[in-house]
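The values are calculated or read from the model by the stated rules, or taken from the named source; none is laboratory data. Bear in mind the structure is a predicted one, so any value in this text is a computation, not a measurement. A quick note on method: Cβ atoms are made from the backbone with ideal geometry, for glycine too, and the neighbour counts reach across all protein chains shown. Side chains are part of the model used for accessible areas, which takes the heavy atoms of the whole protein and leaves out ligands, DNA and RNA. Shrake-Rupley method; radii C 1.70, N 1.55, O 1.52, S 1.80 Å.
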Amino acid sequence: MPRDKLIVALDVDTRDGALALVRELAGQVGFFKVGMELFYGAGSGIVREIIDAGAKVFLDLKLHDIPNTVGRAARVLVRSGASIINVHAAGGSAMMRAARESACEEAGRLGLPMPLVVAVTVLTSIDREAFNRELGFPGEVEDRVKAWALLARESGLDGVVCSPREIGLVRNVCGPDFKIITPGIRPAGAQLGDQRRVMTPGEAVRAGASHIVVGRPVTGAPDRAAAASAVLAEIAEAGLSGGTRWS
Ligand code: C5P
C-alpha cells in the first residue's frame with residue numbers, strides 16, 4: 001500500500017506544531033517520523049499522542065551505546081508504541097542484538113506489537129574524505145554500507161536506513177524481505193534544500209526502498225495534503241510499473 005510506504009518527517013520542536021501537521025495530513029499520511037528535535041523538544045509523550053491520532057511512528061533516535069544501555073533504552077522505546085525504532089550499526093552486533101532482543105521481550109511482556117528495529121549504516125553527511133581520513137575506515141563508503149547492512153541482518157535486525165543511492169546494493173545483498181528506509185527524497189521539480197544525492201519517490205521505490213522519508217517537500221508545501229497525495233501517486237505508479245516486491 002502506498003500509504004504504508006510514505007513516512008513524513010515531523011521536523012519541528014513543539015508538540016502543538018507536530019500535532020497540527022499530523023491532523024492536517026491525516027487524510028493522506030498514516031506514518032510519521034519523530035526525530036531527536038521533536039522528541040527532546042516535546043517529550044516522549046508525543047509518540048503516544050501521534051498514535052492516538054491514528055498514525056504510526058518511526059522513532060528515529062539512532063541509539064548507540066554499550067549493549068546493556070541500548071537494550072534497556074530499546075525496552076523503554078517499545079512502551080511508546082512506536083512501529084519502527086533504530087540504532088547505529090557502528091555499535092556492533094552485540095549492541096544490535098541487545099536492542100532487538102530487549103524490544104522483543106518487552107513487546108511480548110506488555111502484549112504490544114513488536115516494532116521493526118533497523119540500523120543506520122554510514123551517515124550520508126560523511127563523505128569519502130571524512131570516512132577515510134577522520135574516521136579511519138579504508139576503502140569505499142559503499143562497501144562499509146554493504147558490510148553493516150549484512151551485519152544488521154545477521155544480528156536479527158529488520159532493515160536499514162540508507163541513502164537512495166545505496167538502495168540497490170543493500171537490496172541485492174540483503175534480499176527482498178529486508179526493510180530499506182530512505183530519506184533524501186525529492187519529487188521531480190522540488191527544491192533540493194541541503195539534500196544533494198536525491199531520488200524521486202518513484203525512483204526510490206523502483207530501486208527497492210520499502211519506505212521513503214519525506215520532510216520539507218510535504219511539510220513546507222503551500223498545500224501539504226496535495227503534496228502528500230502527489231508523492232503517494234508516484235509511489236503507486238512505481239509499484240504498478242515496477243511490480244515491486246518489497247513490503
Ligand atoms: O526535509 P527532508 O525531506 O530533507 O527531511 C528528511 C528527513 O530525513 C529529516 O528528518 C532528516 O534529518 C532525515 N535524514 C536525512 N538524511 C539522512 C538521514 C536522515 O535527510 N541521511
For this session: Express the carbon and sulfur contribution to the solvent-accessible surface of segment 2-242 as a percent, rounded to the nearest whole number, probe 1.4 angstrom.
Result: 51
Seminar exercise, completed: Using the Kirkwood formula on alpha carbons, the hydrodynamic radius of the chain in angstrom works out to 18.2
For this session: Output the Kirkwood hydrodynamic radius of segment 149-247, Cα pairs only, in Å rounded to one decimal.
Result: 13.8
Problem set entry | Inter-part distance where segment 129-195 and segment 71-94 are each reduced to a Cα centre, Å | 19
Exercise. Is segment 197-243 rounded, prolate or oblate when judged by the Cα gyration tensor, a ≥ b ≥ c being the square roots of its eigenvalues, rounded requiring a/c under 1.5 and prolate requiring a/b larger than b/c?
Worked result: oblate
For this session: Work out, in µm²/s and without decimals, the Stokes-Einstein translational diffusion coefficient of segment 82-217 at 10 °C, 1.306 mPa s, Rh from Kirkwood over C-alpha pairs.
Result: 102
Problem set entry | Net dipole in debye of segment 168-247 [+1 Lys, Arg Cβ; -1 Asp, Glu Cβ; about Cα centre; nearest 20] | 200
Seminar exercise, completed: Computed for the chain: size of charge dipole around the Cα centre, +1 on C-beta of each Lys and Arg, -1 on C-beta of each Asp and Glu, debye to nearest 20, value 320
Problem set entry | Given 12 as the ceiling on other Cβ atoms within 10 Å, longest exposed-site-free region of the chain for trypsin sites (Lys or Arg not before Pro) in DSSP loops | 1-195
Seminar exercise, completed: So the number of lysine pairs in segment 2-242 with alpha-carbon atoms under 20 angstrom apart, 8 or more residues apart or on different chains, is 10
Problem set entry | Mean accessible surface per residue for the chain, computed with a 1.4 Å probe while every protein chain stays in place, in Å² | 45
Problem set entry | Gyration tensor verdict on segment 174-226 (Cα atoms; rounded if a/c is under 1.5, prolate if a/b is larger than b/c, oblate otherwise) | prolate
